[in-house]
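Accompanying notes for the structure given below.
The values are calculated or read from the model by the stated rules, or taken from the named source; none is laboratory data. Not measured: the values here are computed from a predicted model. No Cβ is skipped: glycine too gets one built from the backbone with ideal geometry, and neighbour counts run over all protein chains shown. These area figures cover heavy atoms from the full protein model, side chains too; ligands, DNA and RNA do not enter into them. Shrake-Rupley method; radii C 1.70, N 1.55, O 1.52, S 1.80 Å.
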Amino acid sequence: MQPRIIPPSELIINDDGTVFHLHLLPKQLADTIILVGDPARVEQIASLFEQEECRAANREFKSVTGYYKGKRMTVLSTGIGIGNIDICMTELDALANIDFATRTEKTEKRQLTIVRLGTSGALQPDIKVGDVVYARTSVGFDSLLGYYAGRNEVCDLEIEKAFIEHTSWSSLLPKPYFVNSDDKLWELFKDSVTEGITIAAPGFYAPQGRWVRLQPADPELNEKIESFRFEGRRITNFEMEGSALAGLARLMGHRATTMCTIIAQRIAKDACTDYKPFVEKMIRMALDKLATL
């Protein structure tokens with residue numbers, strides 16, 4: 001059987017041989033990748049590298065590949081939102097597993113380790129500002145994963161069903177999906193984080209229950225989320241990217257997870273704008289752990 005040749009319209013390669021959005025060459029990508037939302041945070045992390053190998057920038061996608069304690073790593077900013085994770089994950093996987101010369105899938109696959117470091121709002125009263133919550137399970141309030149074949153094979157359908165029933169989920173909204181993070185990464189980080197089930201919302205305001213001028217369609221949805229329990233587990237926090245990362249990584253065969261520093265307490269209705277020291281602590285912890293892999 002002849003290998004499928006990926007058309008230029010499906011995978012765009014720039015004239016310099018880099019992938020379309022990320023502007024990276026395959027050889028410039030490390031096996032260990034740190035994702036952040038803010039391009040400024042790329043510089044924050046890269047400043048901790050003892051050696052810088054290369055960098056690239058295009059729109060909100062900024063990357064630096066270098067070495068931390070002898071471990072080669074790439075740090076990449078994704079910007080905000082699920083759509084950008086779709087771009088980043090597809091192009092990272094292409095850099096690893098597509099032969100750009102022949103436009104065919106490589107026979108031997110390269111597995112990437114991808115850790116997203118973000119910020120988040122807590123949905124349980126005992127989770128405090130400054131805590132780091134590890135998304136052992138990511139919940140997608142977006143519809144992205146449903147566009148890919150194999151959605152149900154990588155999702156926990158039992159907890160999904162229980163959640164839909166508990167919240168009386170509206171048929172006007174995308175069906176939520178639940179994806180577990182990589183078990184090996186959990187073992188690596190579990191002694192330094194709070195275990196969580198983290199929701200990735202497709203927006204910052206109404207999709208996370210915020211009411212400024214436009215009222216959310218279900219003003220009680222957050223209360224339903226907070227009270228949900230499944231086999232002793234609870235939903236811990238909101239962010240905006242982790243579900244697509246977890247789901248696409250599972251489908252592609254990569255190891256991935258999301259960790260977030262809590263900067264807002266949604267129950268107490270409080271937020272911290274001077275959260276940089278907390279994020280710095282999370283970054284150093286994550287780098288130290290990943291350097292041991």
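Report, in debye and to the nearest 20, how large the dipole of segment 243-293 comes out about its Cα centre when Lys and Arg carry +1 and Asp and Glu carry -1 on their Cβ.
Around 160 debye, computed over segment 243-293.
Sequence-ordered 3J(HN,Hα) estimates for segment 104-113 from the Karplus curve with 6.51, -1.76 and 1.60 and θ = phi - 60° stand at 10, 6, 5, 5, 8, 8, 9, 8, 9, 10 Hz, glycine and proline given as x.
On a per residue basis, the chain carries 48 Å² of accessible surface, using protein heavy atoms and a 1.4 Å probe.
Using the Cα centre of the chain as the reference point, and only Cβ charges (+1 on K/R, -1 on D/E), how large is the resulting charge dipole? Debye, rounded to the nearest 20. Intermediate values should be presented prior to the final figure.
Numbers: 35 positive and 40 negative charges, 41 e Å.
Charge dipole, the chain, about its Cα centre: 200 debye, nearest 20.
For the chain, the fraction of 1.4 Å probe accessible surface lying on carbon and sulfur atoms is 51 percent.
For mean projected area of the Cα convex hull in nm², the candidate list reads (1) 16.2; (2) 24.0; (3) 25.5; the entry that matches the value derived from this model is (1). When ILE267, ILE82 are compared by accessible area of protein heavy atoms, the largest-first order is ILE267, ILE82, using a 1.4 Å probe. Each Cα pair under 8 Å and six or more residues apart adds its separation to the average, and for segment 45-111 the resulting relative contact order is 19 percent. Each part gets one Cα centre, and for segment 28-107 versus segment 250-293 those centres are 17 Å apart. Counting only alpha carbon atoms, the long axis of helix 276-290 and the longest principal axis of the chain meet at about 50°. Positive end of the charge dipole of the chain (Lys, Arg +1 and Asp, Glu -1 on Cβ, about the Cα centre): tell me which of PRO277, SER170, LEU11 has its Cα farthest that way. Result: PRO277. By DSSP, the beta bridges lying fully in the chain are antiparallel in about 50 percent of cases. Charge dipole of segment 90-240 (Cα centre as origin; +1 on each Lys and Arg Cβ, -1 on each Asp and Glu Cβ, all else neutral): 280 debye, rounded to the nearest 20. Relative contact order of segment 69-199, taken over Cα pairs closer than 8 Å and 6 or more residues apart, is 29 percent.
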